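Colleague: For reference, the structure I am asking about is given below.
A short reminder: the numbers here are calculations on the coordinates, not readings from a lab. Remember, it's a predicted structure, so these values are computed and weren't measured experimentally. Cβ: placed from backbone, ideal geometry, glycine included. Neighbour counts: every protein chain shown.
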Amino acid sequence: MRAPMMTRLALLALMAAAAFAAGGAAYHRPGQRPAVFIRNSDDGDSASPQQVHTSLVGQDKMRISWITQGSAPPTVEYGKSPGAYQDSVTGNTTSYKYALYNSGEIHEAVIGPLEPNMVYYYRCSSDSTREFSFKTPPAQLPINFAIVGDLGQTGWTKSTLQHIAQSNYDVLLLPGDLSYADFYQPWWDSFGRLVEPLASQRPWMVTQGNHEIEKMPVIHPESFTSYNARWRMPYEDSSSDSNLYYSFDVAGVHIVMLGSYTDFDPSSAQYKWLQADLGKVDRTRTPWIVVLIHAPWYNSNTAHQGEKESVRMKASMEGLLYQARVDVVFAGHVHAYERFTHVYNGVANDCGPVHITIGDGGNREGLAKRYMNPTPSISVFREASFGHGQLQVANATHALWTWHRNDNDEAVEADSIWLTSLSSNPACKS
């Protein structure tokens, strides 16, 4: 006997809801989109600033970075009103060579002190044709982070960026794999132009992934040349000796950016730095600790299983994070989304961090669609879709995490959870 139409629809709805709750695919995943290459404008002005992006420096400063094709002063003029620049800072200029490629002039200037939660207007290299603005993050909670990994440059990347732009975020965190230039340096220039509308308005804090290594025997034997030249982070402020790992405080959150592709064993500089950095955290000032890596330590996708950057780094450093009561660890690398419960040493542990893989920004390699079965008990939600995440830290004890799937060109909230800071959990007091 055929069920009535409404009954069948109700059954389908229940099945879809069950699949959604289990973290499975409850909708038809759209296919890949073509690469997007953003060319330089044809205005002919070699001193015109492009690829402008901002990053945090200390508690009240901002680094402005930009590129010109020709010689231009590394000067930033800024103020609180459009066209009215009361202050000016002159920074420095560098460039780099990669095989036959010669970069443009890479400028940077650190401006401040700046007021929190304030819009500033600025121009670079005294160019009167392009005015930018940014908003500084708040000095105290609440604060909103946008988080996305493995961004790349495709039609899905553009969709992800459009969704992030609508999210009213204060700071963007990116756990590696930015441009997917993969040795072809003009893709770095394209990426800078692609993200400029967002990165010039809010601070972007990044760490490196495997696609930033770009090391070629004989031709270019050094690693991370392009990444280090273009995306300089405030590593010195946290006593780090490398742009590949650093930390910073913003509002009431201590953020640690680790390097999956530099040494991490207990005798390494990075390990010793991390041990010292976590030891200095004052949870009364920064009740939340968030860590970003590229290669995930927990992963039930079939992609990237058993890699040393995951297995050995976890074996080396997981204990440090657990002892420090790190709240959340974000990773990329796997081109899908997955959220684990509080975990330590492979098992659920209420005092361990929540691990979240967010390597789904829109890269050209496509989604990692295959997962291990059965689902591990510590994996709470997993789905192979492009998207981004938002971490809204409300106060010293609670934060809301949401993951927003790119469903065609709409951002759909597909997973969410309220997190409680481990510093407020009596059972996790050291």
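Colleague: Given the DSSP H assignment, sum -39500 (n - 2.57) over each helix run of at least 4 residues in the chain and divide by its residue total; what's the result at 222 nm in deg cm²/dmol, nearest 500?
Modeller: -5500 deg cm²/dmol
Colleague: According to the square roots a ≥ b ≥ c of the eigenvalues of the Cα gyration tensor, what is the shape class of segment 108-199, taking rounded for a/c under 1.5, prolate for a/b larger than b/c otherwise, and oblate for the remainder?
Modeller: oblate
Colleague: So if I place +1 on the C-beta of Lys and Arg and -1 on the C-beta of Asp and Glu, and nothing else carries charge, what would the dipole magnitude of segment 363-417 be about its Cα centre? I want it in debye, nearest 20.
Modeller: 280 debye
Colleague: Suppose we keep just the DSSP beta bridges with both residues in the chain; what percent of those would be antiparallel, to 5?
Modeller: 80 percent
Colleague: Give the aspartates and glutamates whose C-alpha is closer than 14 Å to that of K369, dropping any in the same chain fewer than 8 places away, or say none.
Modeller: Those aspartates and glutamates meeting the cut-off are E338, D360, E383.
Colleague: Kindly provide the trypsin sites (Lys or Arg not before Pro) of segment 353-430 that DSSP labels as loop, not H, G, I, E or B, and whose Cβ sees at most 12 other Cβ atoms within 10 Å.
Modeller: R370, K429
Colleague: About its Cα centre, what dipole magnitude does segment 279-428 give when the only charges are +1 on Lys and Arg Cβ and -1 on Asp and Glu Cβ, stated in debye to the nearest 20?
Modeller: Dipole about the Cα centre, nearest 20: 500 debye.
Colleague: If you average the sequence gap of Cα pairs under 8 Å that are 6 or more apart and divide by the length of the chain, what percent do you get for the contact order?
Modeller: RCO, the chain: 15 percent.
Colleague: Which trypsin sites (Lys or Arg not before Pro) in segment 197-306 pass both tests, a DSSP loop state and at most 14 other beta-carbon atoms within 10 Å?
Modeller: K215, K280, R285
Colleague: Might you list the cysteines of the chain that have no disulfide-compatible partner by the rule of another cysteine's Cβ under 4.7 Å?
Modeller: By the Cβ distance rule, which asks for a partner under 4.7 Å, the isolated cysteines are C124.
Colleague: Based on the mean of other Cβ atoms within 10 Å per residue, sort peptides 320-333, 110-123 so the most packed one is first.
Modeller: 320-333, 110-123
Colleague: Next question. Can you list the HN-Hα couplings for segment 65-71, worked out from phi with the Karplus curve (6.51, -1.76, 1.60; θ = phi - 60°), rounded to whole Hz and with x for Gly and Pro?
Modeller: Values, residue by residue: 10, 7, 10, 10, 6, x, 5 Hz.
Colleague: Once phi is turned into θ = phi - 60°, what whole-Hz ³J(HN,Hα) does the Karplus curve with 6.51, -1.76 and 1.60 give for every residue of segment 113-125, x standing for Gly and Pro?
Modeller: x, 10, 7, x, 6, 10, 8, 10, 10, 8, 9, 10, 6
Colleague: Sticking with this structure for a sec: Would you calculate the convex hull of the Cα atoms in the chain and tell me its volume per residue in Å³?
Modeller: Considering the Cα atoms of the chain, their hull volume per residue is 162 Å³.
Colleague: Antiparallel as a % of all DSSP beta bridges within segment 169-288, to the nearest 5?
Modeller: Roughly 55 percent of the DSSP beta bridges within segment 169-288 come out antiparallel.
Colleague: Once phi is turned into ³J(HN,Hα) by the Karplus curve 6.51 cos²θ - 1.76 cosθ + 1.60 with θ = phi - 60°, what whole-Hz value does each residue of segment 195-201 show in order, with x for glycine and proline?
Modeller: With the stated coefficients, segment 195-201 comes to 8, 3, x, 8, 6, 7, 9 Hz.
Colleague: Right, here's the next one. With no solvent and one point per C-alpha, what does the Debye sum give as log10 I(q)/I(0) for segment 175-289 at q = 0.17, 0.22 Å⁻¹?
Modeller: -0.91, -1.27
Colleague: Of M313, M372, M205, which is the most mobile in a GNM of the chain whose springs link Cα atoms less than 10 angstrom apart?
Modeller: Sorting by GNM fluctuation, first place goes to M372.
Colleague: For the pairs K272/K314; K215/K280; K135/K158; K215/K308; K97/K135; K280/K314, note any where the Cα-Cα span goes beyond 26 Å.
Modeller: Correct reply: K215/K280; K97/K135.
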